[in-house]
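The values are calculated or read from the model by the stated rules, or taken from the named source; none is laboratory data. Being a predicted model, the structure only gives us computed values, none of them experimental. For neighbour counting, all protein chains shown are included, and Cβ atoms are generated from backbone atoms with ideal geometry for every residue, glycine included.
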Amino acid sequence: MSESVPMQDLRISLVQGETRWHDPAGNRDYYGGLIAPLAGTTDLVILPETFTSGFSNEAIDQAEGMDGPTISWIREQAKTLDAAITGSVQLRTAEGVFNRLLFATPDGALQHYDKRHLFRYANEHKRYAAGRDRLTVEWKGWRINPLVCYDLRFPVFARNRYDVERPEQLDFDLQIFVANWPAPRAYPWKTLLRARAIENLCYVAAVNRAGTDGNGHEYSGDSAVIDMLGQPVVELPAGEGVVTTTISAEALAAHRERFPAMLDGDRFELL
């Protein structure tokens with residue numbers, strides 16, 4: 001994942017599944033079945049937030065370690081699909097249990113981001129440890145910033161910064177959100193995804209789960225890829241669905257050249 005890799009069009013697969021409640025093994029089988037047909041046809045596969053358990057405080061007792069079966073599974077899937085794969089799971093460390101986004105690539109490499117903004121409304125902050133640092137990964141020449149669900153509501157942390165020491169380069173080209181975002185708040189989900197794409201001069205790819213969870217919360221899906229003008233490249237309706245679309249490196253570069261708002265952006269540091 002070197003910076004010398006030229007940026008090329010990127011094939012993205014959104015996997016909007018009906019996550020099984022508190023069933024890690026069942027979810028690995030379920031999502032493995034959904035993504036198996038994607039082998040050789042995509043560059044990046046995106047799964048929902050907490051795709052092995054559903055969004056549950058009670059499932060914390062089942063949290064695996066970094067040597068657990070889900071880590072092995074996601075590495076194996078990346079190799080089999082010949083694509084990067086990402087999604088979040090509950091991971092236990094010496095510092096506590098994190099809502100940890102994993103980003104695996106076919107070469108066996110694995111990077112992670114720990115959800116920084118914990119969902120107070122559901123008491124996530126009482127059971128889980130909060131992450132601190134933002135992650136940017138390099139894949140197929142794209143700089144990618146993956147975030148988790150509630151992070152979407154915090155534009156400062158999600159902000160794309162322009163580095164004057166790297167002319168015409170922003171922190172990232174693609175922002176990812178994986179989520180368990182309930183249906184009653186679907187309008188904010190759709191609106192904020194467009195805002196992040198427009199303000200950050202980037203593509204946004206977002207995957208939300210579908211179906212009803214063990215707490216009775218319904219999810220409308222609404223997974224999407226949004227372009228830098230806030231227009232949908234592809235959208236999924238309610239229910240289980242998998243779709244692959246391609247985002248254009250040329251179109252992104254042309255937009256940034258035509259509308260270089262990053263040159264007038266405020267300089268700041270994330271603490």
- prompt: Could you list, in sequence order, the residues of the stretch 119-132 that are outside any loop (DSSP other than H, G, I, E, B), surrounded by fewer than 18 Cβ atoms within 10 Å (Cβ to Cβ) and not charged (D, E, K, R)?
  reply: TYR121, ALA122, HIS125
Selection count, the stretch 75-97, where residues are crowded, with 22+ Cβ neighbours inside 10 Å and β-branched (Val, Ile, Thr): 3
- prompt: Residues in the stretch 116-135: is at least one within 15 Å of the chain's Cα centre (by Cα), over 23 Å from LEU44 (Cβ atoms) and of a type outside the set (A, V, I, L, M)?
  reply: yes
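Just a yes or no: is a residue in the stretch 148-164 among the charged types (D, E, K, R) and farther than 29 Å from ARG92 by Cα? Steps first, please.
First, the residues of the stretch 148-164 that are among the charged types (D, E, K, R): 151, 153, 159, 161, 163.
Next, only the ones that are farther than 29 Å from ARG92 by Cα stay: 161, 163.
Scanning the stretch 148-164, I find at least one residue that is among the charged types (D, E, K, R) and farther than 29 Å from ARG92 by Cα, so the answer is yes.
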task: Go through the stretch 1-20 and give me each residue that's over 23 Å from ASP114 (Cβ atoms) and either part of a loop (DSSP other than H, G, I, E, B) or more than 20 Å from the chain's Cα centre (by Cα) (or both).
output: SER2, GLU3, SER4, VAL5, PRO6, MET7, GLN8, ASP9, GLU18, ARG20
task: With the condition kept exactly as written, say whether any residue in the stretch 22-38 is over 20 Å from GLY221 (Cα atoms), of a type in the set (S, T, N, Q), at pLDDT 95 or above and in contact with a Lys or Arg (Cβ under 7 Å, 6 or more places away or on another chain).
output: no
message: Take the conditions more than 23 Å from PHE51 (Cβ to Cβ) and buried (at least 21 other Cβ atoms within 10 Å of the Cβ) and apply them to MET228. Does it pass?
response: yes
- prompt: Based on what the data block shows, is VAL243 closer than 18 Å to ARG153 by Cα, in a strand (DSSP E or B) and modelled with pLDDT of 95 or more?
  reply: no
task: Taking the residues in the stretch 98-109 that are more than 14 Å from the chain's Cα centre (by Cα) and surrounded by 15 or more Cβ atoms within 10 Å (Cβ to Cβ) as candidates, determine which candidate is farthest from ILE12 (Cα to Cα).
output: PHE98
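Return the total of residues in the stretch 141-163 being within 19 Å of LEU201 (Cβ to Cβ) and touching an Asp or Glu at 6+ places or on another chain (Cβ under 6 Å).
Within the stretch 141-163, residues that are within 19 Å of LEU201 (Cβ to Cβ) and touching an Asp or Glu at 6+ places or on another chain (Cβ under 6 Å) number 4.
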query: Checking THR50 against (1) under 25 Å from ASP173 (Cβ atoms); (2) at pLDDT 95 or above; (3) touching a strand residue (DSSP E or B) at 6+ places or on another chain (Cβ under 8 Å); (4) not in a helix (DSSP H, G or I), which single condition isn't satisfied?
result: (1)
- prompt: Among all residue pairs at least 6 apart or on different chains, which show Cβ distances below 7 Å where the first residue, located in the stretch 239-251, is touching a residue at least 60 places away in the same chain (Cβ under 8 Å) and surrounded by fewer than 17 Cβ atoms within 10 Å (Cβ to Cβ) and the second is part of a helix (DSSP H, G or I) and among the polar types (S, T, N, Q)?
  reply: none
task: Search the stretch 213-228 for residues that are farther than 30 Å from ASN160 by Cβ and pair each with any residue that is surrounded by fewer than 24 Cβ atoms within 10 Å (Cβ to Cβ) and of a type in the set (Ser, Thr, Tyr) when their beta-carbon atoms are under 8 Å apart and the residues are at least 6 apart or on different chains.
output: ASP213/SER56; GLY214/SER56; ASN215/SER56; GLU218/THR212
- request: Can you confirm whether the stretch 174-190 contains a residue that is farther than 18 Å from TYR121 by Cα, surrounded by fewer than 24 Cβ atoms within 10 Å (Cβ to Cβ) and over 13 Å from the mean Cα position of the chain (by Cα)?
  value: yes
query: In this structure, is LYS140 among the basic types (Lys, Arg), surrounded by fewer than 21 Cβ atoms within 10 Å (Cβ to Cβ), touching a residue at least 12 places away in the same chain (Cβ under 8 Å) and within 18 Å of LEU252 (Cα to Cα)?
result: yes
- prompt: What about GLY26, is it loosely packed, with under 14 Cβ neighbours inside 10 Å, closer than 13 Å to VAL242 by Cβ and without any contact (Cβ under 8 Å) to a residue 24 or more places away in the chain?
  reply: no
